[in-house]
């Protein structure tokens with residue numbers, strides 16, 4: 001991660017925190033982390049304690065979209081923190097309180113269709129395969145780590161579909 005994006009994220013957060021302080025008397029401590037991975041979340045706001053929050057940003061999206069991502073997601077997540085602080089009772093995550101707070105923080109209404117769209121690529125995991133043999137000549141069975149571990153623990157036995165013989169780990 002480039003230092004410039006970390007510094008820029010901190011600077012953008014401090015600007016919006018100042019607006020939140022002016023508009024809502026919001027004085028909570030906010031920790032900024034750039035540690036999100038995966039393909040589900042583009043940003044996250046967590047309440048750690050009263051007046052203590054953590055905003056988590058997506059590493060891959062910062063690298064791909066840069067400043068556009070930071071100017072879009074930081075006020076979004078900060079608005080969640082302000083709403084959690086202002087409304088101690090349960091409100092909808094993107095309800096009317098949140099929307100009013102976000103409009104006030106950004107200083108204008110930005111329609112959802114005009115917001116940037118972010119593409120997160122799913123990360124494919126390749127599961128390790130283990131070689132097993134049966135009574136069939138020249139037949140190799142590749143078992144997943146899950147099945148391999150079940151055999152090792154002695155909880156399962158697997159057989160060949162062709163010869164009906166037990167599978168044994170190939171040496």
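The values are calculated or read from the model by the stated rules, or taken from the named source; none is laboratory data. Everything numeric here is computed off the predicted structure, so don't read it as measured data. Every residue, glycine as well, gets a Cβ built from its backbone with ideal geometry; the counts of neighbours run over all protein chains shown.
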(message) Please verify whether residue 168 is more than 39 Å from the chain's Cα centre (by Cα) and either farther than 30 Å from residue 19 by Cα or assigned by TED's automatic domain parsing to the domain that holds residue 65 (or both), treating the condition exactly as stated.
(response) yes
(message) Against the condition surrounded by 14 or more Cβ atoms within 10 Å (Cβ to Cβ), touching a strand residue (DSSP E or B) at 6+ places or on another chain (Cβ under 6 Å) and over 26 Å from residue 32 (Cα atoms), how does residue 158 come out, does it pass?
(response) no
(message) Considering only residues that are without any contact (Cβ under 8 Å) to a residue 40 or more places away in the chain, closer than 20 Å to residue 97 by Cβ and surrounded by 17 or more Cβ atoms within 10 Å (Cβ to Cβ), which ones fall in region 9-43?
(response) 43
(request) Please work out which residue is nearest to residue 25 (Cα to Cα), limiting yourself to region 108-118 and to residues that are surrounded by 10 or more Cβ atoms within 10 Å (Cβ to Cβ) and without any contact (Cβ under 8 Å) to a residue 60 or more places away in the chain. (result) 110
(request) Would you be able to say whether some residue in region 92-103 is in contact (Cβ under 8 Å) with a residue 40 or more places away in the chain, closer than 30 Å to residue 27 by Cβ, in the same structural domain as residue 29 (by TED's automatic domain parsing) and surrounded by 13 or more Cβ atoms within 10 Å (Cβ to Cβ)? (result) yes
(message) Looking at residue 137 and the list (1) assigned by TED's automatic domain parsing to the domain that holds residue 28; (2) over 25 Å from the mean Cα position of the chain (by Cα); (3) exposed (fewer than 12 other Cβ atoms within 10 Å of the Cβ), which single condition is not satisfied?
(response) (1)
